[in-house]
Amino acid sequence: MDSHYSVLMNALSTLTPPQLSDLIASISALFQRHNRRLVSLLSSPALFSLTLRYLESLSLHHKSLLIGKHLLSNLAHFSHFMHTKTSAPSYSSSNMKLRDLDAVLLLLLFCELRQNDPSALEVEPSKWRTVVCNYYVHNTMLTFSSMAVSDIEVLNKFIVLSTKFLKFIGVIDCDGNPKEGKEVAAAAAVVVALPSVQVHGGGKECVICKEEMKQGRDVCKLPCTHLFHWMCILPWLRKTNTCPCCRFRLPSDDVSGEIERLWEVLIKIGSGSNSFF
Ligand SMILES: [Zn+2]
Ligand SMILES: [Zn+2]
């Protein structure tokens, strides 16, 4: 079986029935929101050409970044229901600009259309809206706007979509493991919110400077419960978002770094070793 798919399925299988139905309700709401955006985009020639012009102005890198953010909001959605003790508010599609959301929805629809019918867009651009509209009405919309869609279909569509984006973004390899990505700094908002705790019973060593953390001293506690001198951990987290002891990842502001982090969370949850959450 596809490894991306099985990671997501394993994570899903840890949910209790009420959690699962909450997740399904929230995915349905997300799909409906996207559906509504697409319908207004396709039914307004002005909005359509505005979005098209915006898309054309973006570089390939910027387009992948948009798809990455979109995927991230999907994954964040997913992992939100998996653990209650999340260390930071992650990306959500609500903090994506409407113009960017429109652009990414249209871009994905173009990709899907081209996959199904490679020559469909070989008409003059003024006809693109009609072509995309027809495709949408006959394929995508029917699947989601009808009330008869079952919970399983919603979940399945969500997983298939997430898997597709993951492959497109390419930060997860074909075995479903995060590629050893570049080092990214921990998100400033997360670092600021790290708790300070007093050392009880000295003798513990700070692994960064190898010196003892003295009894009664205020030190930094990471979510994985490892302790460090503040003066040691702050410069460390400006360079990398992983714990020096156990490589636990803190959230970052980097899109591909965040995809890798959430993916690792899902793998851990699915394998039953989600002790941090
Ligand atoms: Zn230290
Ligand atoms: Zn740690």
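The values are calculated or read from the model by the stated rules, or taken from the named source; none is laboratory data. Predicted, not measured: the structure shown is a model, and the values here were computed from it. Backbone-built Cβ (ideal geometry, glycine too); neighbour counts: all protein chains shown. What goes into the accessible areas is simple: the full protein's heavy atoms, side chains included, and nothing from ligands, DNA or RNA. Shrake-Rupley method; radii C 1.70, N 1.55, O 1.52, S 1.80 Å.
Taking segment 189-240, which residues are within 20 Å of P251 (Cα to Cα), assigned to a loop (DSSP other than H, G, I, E, B) and open to solvent by 70 Å² or more (accessible area, probe 1.4 Å)?
Scanning segment 189-240 gives A193, T225.
Among the numbered criteria (1) at pLDDT 75 or above; (2) within 24 Å of L55 (Cβ to Cβ); (3) open to solvent by 60 Å² or more (accessible area, probe 1.4 Å), which single criterion is violated by F168?
If we test F168 against (1) at pLDDT 75 or above; (2) within 24 Å of L55 (Cβ to Cβ); (3) open to solvent by 60 Å² or more (accessible area, probe 1.4 Å), just (1) comes out false.
Being outside any helix (DSSP H, G or I) and either of a type in the set (A, V, I, L, M) or outside the structural domain of L60 (by TED's automatic domain parsing) (or both) is the filter here, so list the residues in segment 100-127 that pass it. Walk me through how you get there before you give the answer.
Applying the first criterion (outside any helix (DSSP H, G or I)) to segment 100-127 yields 117-124.
If the condition is that a residue be outside any helix (DSSP H, G or I) and either of a type in the set (A, V, I, L, M) or outside the structural domain of L60 (by TED's automatic domain parsing) (or both), then A120, L121, V123 are the ones that fit.
Being modelled with pLDDT of 85 or more and open to solvent by less than 30 Å² (accessible area, probe 1.4 Å) is the filter here; which residues of segment 31-53 pass it?
Correct list: H34, N35, L38, L41, L42, F48, T51, L52.
For segment 241-272, give me the residue count where each residue is in a loop (DSSP other than H, G, I, E, B) and surrounded by fewer than 18 Cβ atoms within 10 Å (Cβ to Cβ).
As a first pass, look at segment 241-272 and keep what is in a loop (DSSP other than H, G, I, E, B): 241, 243-248, 250-251, 253-254, 271-272.
Okay, now just the ones that are also surrounded by fewer than 18 Cβ atoms within 10 Å (Cβ to Cβ), so 244-247, 253, 271-272.
Qualifying residue count, segment 241-272: 7.
Specify which of the listed residues (K97, K69) is surrounded by fewer than 17 Cβ atoms within 10 Å (Cβ to Cβ), closer than 30 Å to L194 by Cβ and modelled with pLDDT of 75 or more. Break it down stepwise before answering.
Values: K69 fails: surrounded by fewer than 17 Cβ atoms within 10 Å (Cβ to Cβ).
Going through K97, K69 in turn, just one is surrounded by fewer than 17 Cβ atoms within 10 Å (Cβ to Cβ), closer than 30 Å to L194 by Cβ and modelled with pLDDT of 75 or more: K97.
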